[in-house]
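Worksheet: the structure to be examined is printed underneath.
The values are calculated or read from the model by the stated rules, or taken from the named source; none is laboratory data. This is a predicted model, so every value here is computed, not measured. All Cβ positions, glycine included, derive from the backbone under ideal geometry; neighbour counts span all protein chains shown.
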Amino acid sequence: MDVLFIGGTGIISSACAPLAIERGMNLFLLNRGESHRPTPKGATVLRGDIRDKASVEAALGDRTFDAVVDWIAFTPEHIETDLQLFAGRTKQYVFISSASAYQTPPVSLPVTESTPLNNPFWEYSRNKIACEERLTRAYRESKFPITIVRPSHTYDQTLLPMSGGYTVVDRMRKGKKVIVHGDGSSLWVLTHHRDFAKGLVGLLGNSHAIGETFQITSDELLTWNQIFELVADAAGTTADIVHVPSEVIAQYDPEWGAGLLGDKMHSMVFDNSKIKRTVPDFNAATPFSRGVREILAWYDADPARQVVNETLNATMDAIIAAHEAAWE
């Protein structure tokens, strides 16, 4: 199989690329060559900027593909470019959407692929919904061979799960208080990128995937309190948690708040039976208790990675001080 990844060196795709090669696929990566992650051995790099249609046409030449995966399409305009570039050039087009596109807050759990798409809180999610709607129309009207994939919170060794990343770990190690939204009891799912890769690669060239949508996540459920405690344990310390309503956090930091109100403040439980039926060897085998140790080992291996955002630090201090003063 000839497979093209648009991107291919991001957090999720960096595990999918080597697995695709391992399984005998002839992998091409279309990118600008600016990632800090290495290109997997065996992949062919095509230099082009997907935001510049002419540069992509020059990079692709007359090549055709069995599957194309766009990891970096975020708006309907991006989809229009892809439709122009790949209609008649691929047997399968895989769009990486987002589980944050689902109804927020969810009316019922677990979430399935048929759960309505509606997120009034987060523009990122609304754009993903619009992308899905455009692709569905292309499939219905012209049989453009789509597969839609909805990852949830997927991580690699470089990505801590909470807003602020290493800044939060630094606070934990210094004995400072850290913020968990709400009361910390909402349920969340964290998926290791190597686990996600087994599902995604299993869909490539799979005739049962054409015209279909799949969510690919772990089945492990964790509260946000547990997530912070697991991070603290891996960092060799404890978490002094202060619970703050998401709405209050949003007043201090709208960007942080948007990710909470539009996604993380609500419990999410996913039914993965569809991907398991279609890709029988898919299983999420990495518990976060093990994955988080990979993350902390990566940060601790190089002090240059331990970046602390002092602006965010000051915001967290202000939120905690105001919240605790209100309870005095």
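Okay, here's what the table says:
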| quantity | calculated |
| --- | --- |
| Members of region 231-262 found to be under 20 Å from the mean Cα position of the chain (by Cα) and either within 16 Å of G164 (Cβ to Cβ) or among the hydroxyl-bearing types (S, T, Y) (or both), listed by number | V231, E255, W256, G257, A258, G259, L260 |
| Filtered residues of region 224-244 (kept if crowded, with 17+ Cβ neighbours inside 10 Å and either in contact with a Leu (Cβ under 6 Å, 6 or more places away or on another chain) or outside any strand (DSSP E or B) (or both)) | W224, N225, I227, F228, E229, L230, V231, A232, A234, A235, A239 |
| Inter-residue pairs, beta-carbon under 7 Å, first crowded, with 19+ Cβ neighbours inside 10 Å and in region 95-114, second small (G, A, S), 6+ apart | F95/A73; S98/S125; A99/S152; S100/S125; S100/G262; A101/S125; T104/G262 |
| F214, sole failed condition from (1) in contact with a strand residue (DSSP E or B) (Cβ under 9 Å, 6 or more places away or on another chain); (2) buried (at least 21 other Cβ atoms within 10 Å of the Cβ); (3) part of a helix (DSSP H, G or I) | (3) |
| Selected residue (criterion: farthest from A15 (Cα to Cα)) from residues of region 186-224 that are charged (D, E, K, R) and under 13 Å from the mean Cα position of the chain (by Cα) | D195 |
| Residue match in region 29-52 (condition: closer than 24 Å to F282 by Cα, hydroxyl-bearing (S, T, Y) and surrounded by 13 or more Cβ atoms within 10 Å (Cβ to Cβ)) | no |
| Conditions (1) buried (at least 19 other Cβ atoms within 10 Å of the Cβ); (2) in contact with an Asp or Glu (Cβ under 9 Å, 6 or more places away or on another chain); (3) part of a helix (DSSP H, G or I); number of the one not met by A284 | (3) |
| Among the candidates D82, D49, D62, residue that is part of a loop (DSSP other than H, G, I, E, B), assigned by TED's automatic domain parsing to the domain that holds T147, at pLDDT 95 or above and among the charged types (D, E, K, R) | D62 |
